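Colleague: The structure that follows is given in the form of structure tokens.
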Amino acid sequence: DAMVIQNPRYQVTQFGKPVTLSCSQTLNHNVMYWYQQKSSQAPKLLFHYYDKDFNNEADTPDNFQSRRPNTSFCFLDIRSPGLGDAAMYLCATSSKQGYSNQPQHFGDGTRLSIL
Amino acid sequence: KNEVEQSPQNLTAQEGEFITINCSYSVGISALHWLQQHPGGGIVSLFMLSSGKKKHGRLIATINIQEKHSSLHITASHPRDSAVYICAGVTSGSRLTFGEGTQLTVNP
């Protein structure tokens, strides 16, 4: 089945140690999103790619970076994770056609813990 | 003030009951998502609608554009429906503005 796959499901890293989360999709969607969701809160958009065009949200910390080497893959890099970065990270995709009116398809998320 | 307001925040029902979750939204939102999230899990998109009504199994979503209001209904509720249901409005650039979610618990 076509889907959005996030790896790993659970990631533990040390304070300050760089970590990379990955997302792949078989939907051939042009748009890919990264969200951060802290406990009992709504997801917060960090950034999104429209094809290769990177769109950063104004309040996303510089500590968070992203790469999209091809249509299928997108990575979230946290350069120096702090305790406050412990959260669920969700990847989503949507089709470019009718950009604003296409549903977003979410992955199962990666839960990041910081020691 | 959030652009998307959901109610109720918490809802407890008995198995078999008809459930309604409401969502009001502000100007600038072109479509609405209804999303489901189980504890510790990812998000499943249930519906996206910009007009009318959609049905999938026991789930029905309606939207009234004039009143800027949407509802999610669950018929014949079941304990496996227990989850957080989130209403999210689509704004410019396909961004989602999320409601605070409704925690639904269906007891057997």
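Colleague: Could you please find all residues in the range B:20-65 being free of Cβ contacts under 8 Å to residues at least 24 places away in the same chain, at positive phi and more than 8 Å from chain A (Cβ to nearest Cβ)?
Modeller: B:G52, B:G57
Colleague: Of all the strands (runs of 3 or more DSSP E) wholly in the range A:2-115, which have at least 3 residues that are closer than 18 Å to B:L35 by Cβ and not aromatic (F, W, Y)?
Modeller: The qualifying strands (runs of 3 or more DSSP E) are A:31-37, A:44-50, A:87-94.
Colleague: Being among the basic types (K, R) and either exposed (fewer than 15 other Cβ atoms within 10 Å of the Cβ) or touching a helix residue (DSSP H, G or I) at 6+ places or on another chain (Cβ under 7 Å) (or both): is that true of A:K38 here?
Modeller: So A:K38 passes the test.
Colleague: Among the residues in the range A:46-64, are any exposed (fewer than 13 other Cβ atoms within 10 Å of the Cβ) and basic (K, R)?
Modeller: Within the range A:46-64, one or more residues are exposed (fewer than 13 other Cβ atoms within 10 Å of the Cβ) and basic (K, R).
Colleague: Restricting the search to the range B:70-87, which residues are of a type outside the set (V, I, T) and either free of Cβ contacts under 8 Å to residues at least 12 places away in the same chain or more than 13 Å from chain A (Cβ to nearest Cβ) (or both)?
Modeller: B:S70, B:S71, B:L72, B:H73, B:A76, B:S77, B:H78, B:P79, B:R80, B:D81, B:S82, B:A83
Colleague: Next question, about the same structure. Quick one: count up the residues across the range A:88-115 that are modelled with pLDDT of 95 or more and at positive phi.
Modeller: Residues that pass the stated criteria total 0.
Colleague: Looking at the range B:92-102, can you tell me whether even one residue there is in contact (Cβ under 8 Å) with a residue 60 or more places away in the chain, farther than 30 Å from A:Y50 by Cβ and either touching a Gly at 6+ places or on another chain (Cβ under 7 Å) or surrounded by fewer than 20 Cβ atoms within 10 Å (Cβ to Cβ) (or both)?
Modeller: no
Colleague: Just to verify a result, which residue in the range B:88-108, among those that are modelled with pLDDT under 95 and part of a strand (DSSP E or B), is nearest to the other protein chains (Cβ to nearest Cβ)?
Modeller: That would be B:F98.
Colleague: Take the residues in the range A:65-76 that are surrounded by fewer than 16 Cβ atoms within 10 Å (Cβ to Cβ) and not aromatic (F, W, Y), then tell me which one is nearest to the chain's Cα centre (by Cα).
Modeller: A:R67
The values are calculated or read from the model by the stated rules, or taken from the named source; none is laboratory data. Keep in mind it's a predicted model, so treat the numbers as computed, not measured. Reconstructed Cβ throughout: ideal geometry from the backbone, glycine too, with neighbour counts over all protein chains shown.
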